[in-house]
Structure formats: C-alpha cells, structure tokens
Amino acid sequence: MSETESSEAIGFGSRRRLLHQAFFIAALALTLNLAGNGRISLWDRDEPRYAGCAREMIAKGEWIFPTFNDEPRFHKPILIYWLMRAGFAIGGDNPFGARLISALAGTATSLLVLVMGRRMLGPRAGFLGALMLTTAPIMVIESKLATTDATLALFLVAGQFCLWELSKRPSKSLASLFWIVMGLATLTKGPVGLALIASAGAVSWWFGGPKDAWSRLHWRWGIPLFFLVIAPWFIAIGIASGGDFFRFAVGRQLASRVVSKLEDHGGFPGYYIVTGILTFHPWSALLPPAIYCAWRRRRDDPRLGFLLGWIVGPLILLECVRTKLVHYYLPAIPACAMLVGWLVDRVVSENSALSRFTLGRSSVNLLGGTGIGMAVSLCAGLFFLPRVLWLPCLGMTTVIAIGTVLGVRLLYQASTERAIGVLSTTWALALLFLSFWFLPAAEPFRLSRIVGEKLAKLSDREAAPPLLLNYQEPSLIHELRRHATLVRTWKGLYEELEQKGQFTTAMIYPRETEEFARRAEHLEIDVQEVVKGFDLNKGQTQTLHLAVIRRKRGVPLPPPELAGEPYGKKLLVK
C-alpha cells in the first residue's frame, strides 16, 4: 500500500473531510493571527514605518511615492502599502488594521499548505503539515506583524505550488499564475522572492526533485507577463524619484545586505539552524529525522527532493548573506512543516514510533529539552519583569511545561497522533496567552508609545511643533500622527529655532538633559513632564524629559565659534 493510499484508508480523503480540515485550519490560524492585535501597539521599528507610510499615502491621496514622516521611504516596493490601505479601510487606522493583511496572508498560507500537502503527500500528511505550520511560533508572530514577511511567504508558497503542479502536467494557466505571483512577490520585497525560488529550484533539481516544471513555464511570454505586473510602478517610482529609488534599493538595501551587517543585523555560521530550533519549535525537533528519511528516499520519490530543495536552497542562499534576521527564512518554513507532516504520517501508517530508532529518540529528547528550557527561561524572567507580568508569564510557563512533558511521554509510548495533538494545543494556548494576556499587560511599559501620545498632547497644548533630538523611535513618530522634525546636530537645532522659534521635544536621561542645558544656555528649556518606561530596542528602562525648547527673549543664537561646539560636530543623537 502506498503512503497516499494508507492515509486514504483511514478515511481522511473525502471532500467533506477536506472542508472540515480547511475550516479548522482557517479558524485556528485566524484566531492565533488576530488575537490581541488591537490591544498591542506597533513594535519598533519596522511596523510603525510600514503603517506610517500607508497612513501618509492615504492622507496625501498618493499611490506611487511612499513616505514616512514626510521623507521618502525606498526600503521596500509598493504592494505592502496598497494592501495596508485596504487593512485600514476594513479595520481602521490602528494596530489591528495595520496588521490585518499579514494575519490574512498567514491564514491563506496555512490553507495553501493544507491543499498542497494533501495533493503531494496525502490527506493526513497535508493536514498535519498545515496544523504544524499554523501553530509554529515564527509563522504566528510574523502573521501578527505589520510587515512584508507573511505576505511574501504567501506568494512564494503559491509559486512553489504552481511549480509542483506543473511538474505533473503542462498548464498555461498555472504558468501564468506562477509569473503573476512572482511579480507580486517582487512588488512586495524586491528580487529576494525570485532569488529564494531559484535557489530552492536549483537544489531541488540537484536532489532529484521533479525536472519538468521549469521547462513548462513558457518563458517566452512568461517573462513579459512578469514585467507587465511590476513595470508600471517601477517605471512610475523611477520617474517620480528621479532615480533615487533604484540607487537606494540596489546600493543600500540589496548590495549592503549581501556584503555587510546592515543595521548590525549579523549572525554566525548556522544562524538559521540554531534560531530555527526555537522559532519552529516544537516541530523543529522532528525535522532532523524527517530530513534524514527524505534524503534516503529522495532519488525514488521526487516529492521529497522537491521539499528538500525548498528547505536547503534558501538556507544556503541566506547563509551567504551577511545581514541575517530570523524571518528571512520564513518562506521555507512551510516546506519544513510539510516534511515533518510526511514523517509523522509514515510513523502512524507503519504503526511505529519515533523513539524506536536513534535519531528519533534524539529528536524527542531535543523536543523535551528545548521545551523545558523555554519554560525555565520564562520562570527566570520573573526576577526581571514587573510584577504585573508575573501571572501571565507563569501561565505560559505552566502550559509549555505540562504540554511538553505530556507530548514527550506520548511520543515514547508510540501515541504519535495524540502527541501531535497535545503539542499543537500546547503551543496554540501558549501563543494565545502571549497575545491576549502577556503583551497587553506590558503595554503600560511601552515607552515609545507613551511618549508619543504625551508629546502629541504637549505639542497641541503649547502650539509648538514636535522636534526629536536624541530619541527618534519610529513608533513615537507614528503615535504623534504628524510630521516631526528630526535633528541630529547643534547646527540643525539652531537652524530650526531660527525659523520657528520654539519646539516640543523628548530627551533621554536626566544627565543628558543637564548636558544639553549646559551647552545651550542661550535657550529656554522648560521641562513639562518626566516619563520612565522600558525601551524594547535597548532592552532597558529609560527616563525621558518632555520639554518645550524656546529661544530666550533678547538673546541671539550664538555664532559657530561661540556655540560650545562647531556646527555639525556635536551630535545630539547617539
């Protein structure tokens, strides 16, 4: 009996069962992806930038030229801002609306994996792969963020689905769909989508995956179709920006990420393997035996060569790039989930147990050790977290600890399906605790949001525009809901005061406020409020002084030689 037939024999193959599974996966994914989104402010630094761009484009009636704080933002192409405009229209100009598109994209990806997994590996393996992806921490978290990554993953999974189906039969419709989703991926995050698909395809071919898909893409008209999707906006932004978009996107965003650690986001060799153990937990523990079993059978089963290429190709590519971030590997996580689903399906079909062979036992032990290690780390957090966070932290710890112990025990008892159910429930509950309880409870300590709201009120009360000196977090700018002047040098501050006379600002640390006052004796610094909170980017508690800065009446601004420091040399931002 074949693997697919073994799954069908258990009764997973009916159309009604597919609909039930799809409804369950969609409901679970939407619950996890949407939970608490409206109660948690945007996370620095990418979320406020994306949401702020979409807000400014709506306010200006702009569809081509993205800006943040009235400055051009060329870090990503345009599609995510268009989609966020739709999210704002449905959910409002708030964190829920900003994150809505990512939540829907993550849900659609889980459903696509369900269908793709069923067609490739059989009904049970497809359902298990979709369940594992839906409850994987990295998938849930990225589907809750107002960024490009969940949307990009959806388009790339759709592209891989097209390639798999094309390997089975020629189809102009599938070829057209492939080029369209590649165009949408490029409009979402530039050429990285094409690079990830190409690397996966090359390694898949090398590993014995299907060979016919790429020859059935109708390149002669497929490439023009791809350019037809992307060309209108790229031409428009090139003209509107005078070419600055391409100079920044290619020179800064693409080349710099490859050869240097952009914004200090570097990593060690094997970075994605190590971080994947945590972000894809608990299913990451079962990935080594899945890869081993698939590797042994790859020449006889093109499905396995295809999935192995999808997993290994992007890993090789991203390890060669010096800038490293955990979510870069997200588009390959669906393949990891499907391969683990295939392994569990085989174990159940053969009435076997993972613990009966050495690598399987090691994986079960890794699962238990990682889970208990996470629980212990959360317990240790009680010594550093504010008292209001103790109870939600303890709740997450309890769920993870009990679920891990029970799941490992069931795996050793050869109750594999029950173990998968327990582990899925455990991490669904843990992620719900995180979204509904822990993060909302931490909101009173979100410094940038609090300062942004207070500075906006101060600016209105004093009729003075905001000017940011040594605290310029994007979420603060987003919460201001208005343009904020950013100053990094004494020269810049003097020029702004010369033009406008007074500003409201937020300055870090009392000692820096005193230093600022000492070097600016010709200014009037009226501290209105002191705010203390936790800075997520720096990982420490900070104190800010909200103040009004004015020129002293009758006191002219000093010339450069009397300013304390030459213009442009004393940086106000560290």
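The values are calculated or read from the model by the stated rules, or taken from the named source; none is laboratory data. These figures come from a predicted structure and were not determined experimentally. As a convention, Cβ positions derive from the backbone with ideal geometry for all residues, glycine included, and neighbour counts pool all protein chains shown.
What number of residues in segment 217-229 are farther than 23 Å from Ala153 by Cα and touching a helix residue (DSSP H, G or I) at 6+ places or on another chain (Cβ under 6 Å)?
So the count comes out to 1.
Looking at Trp219, Trp179, can you tell me which residue is surrounded by fewer than 22 Cβ atoms within 10 Å (Cβ to Cβ) and in the same structural domain as Ile311 (by TED's automatic domain parsing)?
That would be Trp219, the only listed residue that is surrounded by fewer than 22 Cβ atoms within 10 Å (Cβ to Cβ) and in the same structural domain as Ile311 (by TED's automatic domain parsing).
Give segment 445-455 a look and list any residue that's surrounded by fewer than 24 Cβ atoms within 10 Å (Cβ to Cβ) and closer than 13 Å to Thr541 by Cβ, or say none.
Phe445, Arg446, Ile450
Given the criteria under 30 Å from Ile197 (Cβ atoms), in contact (Cβ under 8 Å) with a residue 40 or more places away in the chain and of a type in the set (S, T, N, Q), does Thr404 qualify?
no
Cβ contacts < 6 Å: first residue over 16 Å from Gly106 (Cβ atoms), restricted to segment 19-38; second residue aromatic (Phe, Trp, Tyr) and crowded, with 18+ Cβ neighbours inside 10 Å, any location; separation 6+ or different chain. Result?
Listed pairs, sorted by first residue: Gln21/Phe127; Gly38/Phe96.
Only residues that are closer than 20 Å to Pro48 by Cβ and either out of contact with any helix residue (DSSP H, G or I) (no Cβ under 9 Å at 6 or more places or on another chain) or without any contact (Cβ under 8 Å) to a residue 60 or more places away in the chain (or both): list them for segment 101-140, please.
Passing the criteria: Ile101, Ala105.
Starting from residues that are at pLDDT below 65 and exposed (fewer than 13 other Cβ atoms within 10 Å of the Cβ), keep the ones in segment 261-287 and report whichever is farthest from Thr358 (Cα to Cα).
So, considering only residues that are at pLDDT below 65 and exposed (fewer than 13 other Cβ atoms within 10 Å of the Cβ), the one farthest from Thr358 (Cα to Cα) is Glu263.
Filter segment 288-325 down to the residues that are buried (at least 20 other Cβ atoms within 10 Å of the Cβ) and of a type in the set (Phe, Trp, Tyr) and list them by number.
Across segment 288-325, the qualifying residues are Phe306, Trp310.
Checking Val555 against (1) at pLDDT below 70; (2) within 37 Å of the chain's Cα centre (by Cα); (3) among the hydrophobic types (A, V, I, L, M, F, W, C), which single condition isn't satisfied?
If we test Val555 against (1) at pLDDT below 70; (2) within 37 Å of the chain's Cα centre (by Cα); (3) among the hydrophobic types (A, V, I, L, M, F, W, C), just (2) comes out false.
In this structure, does Ala428 turn out to be part of a helix (DSSP H, G or I), touching a residue at least 60 places away in the same chain (Cβ under 8 Å), surrounded by 18 or more Cβ atoms within 10 Å (Cβ to Cβ) and not assigned by TED's automatic domain parsing to the domain that holds Arg99?
Yes, satisfied.
Going by the structure shown, is Leu187 buried (at least 19 other Cβ atoms within 10 Å of the Cβ) and modelled with pLDDT of 95 or more? Reasoning before the result, please.
Numbers: buried (at least 19 other Cβ atoms within 10 Å of the Cβ): yes; modelled with pLDDT of 95 or more: yes.
Yes; evaluated as a whole, the condition is true for this residue.
Only one residue in Ser143, Ser167, Ser110, Ser173 is outside the structural domain of Ala419 (by TED's automatic domain parsing), of a type outside the set (Phe, Trp, Tyr) and touching an Asp or Glu at 6+ places or on another chain (Cβ under 7 Å). Which one?
Of Ser143, Ser167, Ser110, Ser173, the one residue that is outside the structural domain of Ala419 (by TED's automatic domain parsing), of a type outside the set (Phe, Trp, Tyr) and touching an Asp or Glu at 6+ places or on another chain (Cβ under 7 Å) is Ser167.
Tell me the residue from Leu330, Leu278, Leu308 that is in contact with an Asp or Glu (Cβ under 7 Å, 6 or more places away or on another chain) and either in a helix (DSSP H, G or I) or not assigned by TED's automatic domain parsing to the domain that holds Ala125 (or both), please. Please lay out each step first, then the result.
Working: Leu278 fails: in contact with an Asp or Glu (Cβ under 7 Å, 6 or more places away or on another chain); Leu308 fails: in contact with an Asp or Glu (Cβ under 7 Å, 6 or more places away or on another chain).
After ruling out the rest, the residue left standing is Leu330.
Filter segment 18-74 for residues that are of a type outside the set (D, E, K, R) and in contact with a His (Cβ under 7 Å, 6 or more places away or on another chain); which is farthest from Ser435 (Cα to Cα)?
Asn69
Out of segment 540-552, which residues are buried (at least 16 other Cβ atoms within 10 Å of the Cβ) and at pLDDT below 75?
Passing the criteria: none in range.
Kindly indicate whether any position in segment 86-94 is at pLDDT 95 or above, touching a Ser or Thr at 6+ places or on another chain (Cβ under 9 Å) and within 23 Å of Leu187 (Cβ to Cβ).
Yes: one or more hits.
Can you tell me which of Arg296, Arg346 is free of Cβ contacts under 8 Å to residues at least 60 places away in the same chain, part of a helix (DSSP H, G or I) and not hydrophobic (A, V, I, L, M, F, W, C)?
Every option except Arg296 fails the conditions.
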